[in-house]
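Below you'll find the structure, written out as structure tokens, and then a few comments.
None of the figures in this text is laboratory data; all of them are computed from the coordinates on show. Note that the structure is a prediction, hence the values are computed from the model and not measured. Neighbour counts run over all protein chains shown; Cβ positions are idealised from the backbone, glycine included.
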Amino acid sequence: MRAPWLLLLALPLVSARLGGRNGGGSVARSGVFQRFYSAPPRNNAHVSARHAHYSYHPPQQINFMCRFCSSHTAYPVFHAPLPTYVYKYRESGGRLGALLAGLALYNLGRAAADHSHFSHYYHQQSADEDCSLQVLDHQHFEETRVPCFMVSTFMERAAAEPQGPRPQANQFDITTSHIDVTSFVKTNDSEPPLEVTTEQECVIWHNTSLTKESNKVPCALLKQYAETLKAGGVPVYIWLPATLALVLGISACCQCCNRKKRLKEEAPLAETTVLGYSSYCP
């Protein structure tokens, strides 16, 4: 009867292996992201991270040539374990999930490239602050709301940086492992992903009651950032039931074998005639 218990003890190891879990990522369980690392260090060391669905292997830089450019331009890349909200957007699917993950990665890369003390901090300016991403071309328009911290590096420096030597209550580090974006993420697997073209422009809006800011970036650039997240691992809704079924099946098989062995040991021996031996010879 020890075999089932040994298998149950080994279940977390099997789950981690199949799910692709590592200390540089996170695992989604029932829609809740559990943190496996603290706030990542801000350095330029190469970091590879693995998530339950995606792995992140950032290049040294993103080389991109815009529509009307004659040569490639180098764009900064975030070289540290990713916050969970990036994975959350990438695995949400839908029309704009990949583009929004790319926007988050681009914003993190810009923050890492800016070596000022508060470049990776964001603080809310007002209660009516609102941010969005628009996708534009000659025949297409789409818009979706985004959390303003995901476009912090596109705001005016005076507005984006915390005031004073230390962060205040409405200021936080955008590289923090867990930041809740549930109210912004739209999960819709029925819609195909947006087909990104070189003609499309992504317009980032940051609006308050007093100011309106907009910045244009090529949507193809955001797509290239999103492609640094590679699909990998087996979804939890597949490997967990399969692993449990395997453990229960082996447990039932062991119990059946033990039951047969017990019945065989308890069965009475068949009566046989034992012939005696005698040294007397007639």
Rank by packing, highest mean first: peptides 133-143, 111-121, with packing defined as the count of other Cβ atoms within 10 Å averaged across residues. 111-121, 133-143
Ranking K186, K260 by Cβ neighbours within 10 Å, fewest first, what do you get? K260, K186
Would you grab the residues whose amide H sits under 5 Å from the one on Y54? Only those 5+ places off in sequence or on another chain, please, with H modelled 1.01 Å from N. G232
To make sure I understand the rule: partners must be lysines, Cα under 26 Å from the Cα of K88, and not fewer than 8 residues away in the same chain. Which ones qualify? K186, K216, K223, K230
For the S251, A231 Cβ pair and Förster radius 30 Å, calculated FRET efficiency rounded to 0.05 is 0.35
Given a Förster distance of 45 Å, report the FRET efficiency between H138 and N258 from their Cβ-Cβ distance, rounded to the nearest 0.05. 0.05
